[in-house]
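The values are calculated or read from the model by the stated rules, or taken from the named source; none is laboratory data. Every value quoted in this text rests on a predicted model; they were computed, and no experiment measured them. Cβ coordinates were reconstructed from backbone atoms using ideal geometry, including for glycine residues, and neighbour counts include every protein chain displayed.
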Amino acid sequence: MIYMFITNDPEMAEYAWQSGVHRIFVDMEWMGKYERQGFLDTHMALSTSDDVAAVRNRVPGAEIMTRINPVHPESHMEINSSIEAGTDVIMLPMFNTAEEVEKVIRIIDGRVRLCLLMETPQSLTRIDDILEFSAGIDEIHLGLNDLHLGMGLDFMFELLSGGIVEYAARKIQNHDIRFGFGGIARVGRKDAVPAKLIIGEHVRLNSDMVILSRSFRMGINDVQELKGKINLPNEIKRLDECVDGFRKSSQKQLEENRLKLVIAVRNFVSTKREALTV
């Protein structure tokens, strides 16, 4: 399982990589993000290709992924500058059509890998058209937050409990493309849907990657503060142990875990709806 850690701070990137994180995620996306998510506790980026270069210089052995903006007139400049700065993977967010994907594939031209962030209802609906360009697609990550907002759902993990993630996963994996979804909190926290249940679904669905969420790091962006509040190497180790445990489970046990997740999601959504009617 590839753990992705979002930061543009070279010192934080180095600490995360040394702690067992596999991929440093530099987020350059800003177009339309505030309008979509401004009222939520989500990551807002103001990074540039200079940040990519700074992280690359600090952790030359780490894998770096750069999330660019959605396709726009200057996409070629943004992609080229990110590649020149040393990124290994370009992530394309908020796309709706196969034509947008094809354009980015042409710009990249095989120089780095491409990860599609599938997070709009349009892209999910057109998944078969998009997968016709599978030769130029290395990875697809399902962004549950924006996708659930776009679909008018109450909770992002409804996409998991309702089978939509599984639907997409099977199509993607039929094309031998690496697949992942969502973010993950720390194992052992008392969340509405505990991280352990979500990890079990990653294993059941043969997911290859997950983002360490803002809640995983308590929203902390300062490396010294993070070191004082979280033992990151230990938390990564706990994740590894949880993943390994599920990989040793039977299909029956994985299905039992899925049913527990479905119940947890239903309970959360029901409670949320009841609170809105009070």
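Of these, Asp154, Asp128, Asp176, which one is modelled with pLDDT of 95 or more, of a type outside the set (A, V, I, L, M) and in a helix (DSSP H, G or I)?
The match here is Asp128.
Go through (1) surrounded by 14 or more Cβ atoms within 10 Å (Cβ to Cβ); (2) in a helix (DSSP H, G or I) one by one and return the number of the condition Ser270 breaks.
(1)
Looking at (1) touching a Lys or Arg at 6+ places or on another chain (Cβ under 8 Å); (2) under 26 Å from Gly228 (Cα atoms); (3) modelled with pLDDT of 95 or more; (4) of a type outside the set (Val, Ile, Thr), find the lone condition where Asp51 falls short.
(1)
I'd like to check something: does segment 152-173 contain any residue that is surrounded by 22 or more Cβ atoms within 10 Å (Cβ to Cβ), aromatic (Phe, Trp, Tyr) and more than 21 Å from Leu276 (Cα to Cα)?
No; the residues of segment 152-173 include none that is surrounded by 22 or more Cβ atoms within 10 Å (Cβ to Cβ), aromatic (Phe, Trp, Tyr) and more than 21 Å from Leu276 (Cα to Cα).
Looking only at segment 196-228, count every residue that is in contact with a strand residue (DSSP E or B) (Cβ under 9 Å, 6 or more places away or on another chain) and not in a helix (DSSP H, G or I) and tell me the total.
13
Would you pick out the residues in segment 128-148 that are touching a residue at least 12 places away in the same chain (Cβ under 8 Å), over 21 Å from Gly110 (Cα atoms) and surrounded by 17 or more Cβ atoms within 10 Å (Cβ to Cβ)?
Correct list: Leu142, Gly143, Leu144, Asn145, Asp146, Leu147.
Restrict the check to segment 16-25 and report whether at least one residue is under 23 Å from Asp146 (Cα atoms), modelled with pLDDT of 95 or more, surrounded by 17 or more Cβ atoms within 10 Å (Cβ to Cβ) and touching a Ser or Thr at 6+ places or on another chain (Cβ under 9 Å).
Scanning segment 16-25 turns up at least one residue that is under 23 Å from Asp146 (Cα atoms), modelled with pLDDT of 95 or more, surrounded by 17 or more Cβ atoms within 10 Å (Cβ to Cβ) and touching a Ser or Thr at 6+ places or on another chain (Cβ under 9 Å).
Counting just the residues of segment 65-81 that are of a type in the set (S, T, N, Q) and over 19 Å from the mean Cα position of the chain (by Cα), which one comes out nearest to Met118 (Cα to Cα)?
Out of the qualifying residues, it is Ser75.
Given the criterion under 22 Å from Asn69 (Cα atoms), of a type in the set (Lys, Arg) and in a helix (DSSP H, G or I), identify the matching residue among Lys171, Lys103.
On inspection, the qualifying residue turns out to be Lys103.
Go through Val193, Val187 for me and flag whichever is part of a loop (DSSP other than H, G, I, E, B), touching a residue at least 40 places away in the same chain (Cβ under 8 Å) and farther than 27 Å from Leu124 by Cα.
It is Val187.
Looking only at segment 147-186, which residues are under 21 Å from Leu259 (Cβ atoms) and touching a strand residue (DSSP E or B) at 6+ places or on another chain (Cβ under 9 Å)?
Met156, Phe157, Leu159, Leu160, Ile164, Val165, Ala168, Ala169, Phe181, Gly182, Ile184, Ala185, listed by residue number.
Name the single residue that is nearest to Ile199 (Cα to Cα) among those in segment 223-238 being under 21 Å from the mean Cα position of the chain (by Cα) and of a type in the set (D, E, K, R).
Among residues in segment 223-238 that are under 21 Å from the mean Cα position of the chain (by Cα) and of a type in the set (D, E, K, R), the one nearest to Ile199 (Cα to Cα) is Arg238.
So, Asp129, is that one over 25 Å from Arg214 (Cα atoms) and among the charged types (D, E, K, R) or not?
yes
Which residue, of Asn221, Asn231, Asn174, Asn145, is of a type in the set (S, T, N, Q) and within 24 Å of Thr271 (Cα to Cα)?
Asn145
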